[in-house]
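Just so you know, all these numbers are worked out from the coordinates, no wet-lab data involved. Note that the structure is predicted; figures quoted are calculated from it, not measured.
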Amino acid sequence: MTLPSTSTDVRALAEFAGRGRANVARVIVGKGEAIDLLLIALLCGGHVLIEDVPGVGKTMLARALALSLGLSFRRVQCTPDLLPNDLAGG
């Protein structure tokens, strides 16, 4: 990902993130900070591991964000026999 070089690029990126946040907030209520942190990680080109207790909407949050931004979504169930190659390929 290249860094925005003009104020127009920065504005477009801010609008893109704002639309994504608003779309996800329609589906996921009360998780504004989590939505913001996910967007920050994605805009920085990073990866996200969402951890929490069962039943609080982790999968729904990730799916809603991916759909909102036109990205792909894949859920990974972390089991004791999960290997790094299972995630990264190889």
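Between the helical axis of 32-43 and the longest alpha-carbon principal axis of the chain there is an angle of about 80 degrees.
What base-10 log of the normalised intensity I(q)/I(0) is obtained for the chain from the Debye formula, alpha carbons as equal point scatterers, at q = 0.13, 0.22 Å⁻¹? Here log10 of I(q) over I(0) equals -0.51, -1.17.
Helix 58-69 and the longest principal axis of the Cα set of the chain meet at an angle near 40°. Taking every alpha-carbon pair under 8 Å whose residues sit at least 6 apart, the chain reaches a relative contact order of 25 percent.
Just checking the listed ones, Glu51, Glu33, Glu15: in the Gaussian network model of the chain with Cα springs under 10 Å, the one fluctuating most is Glu51.
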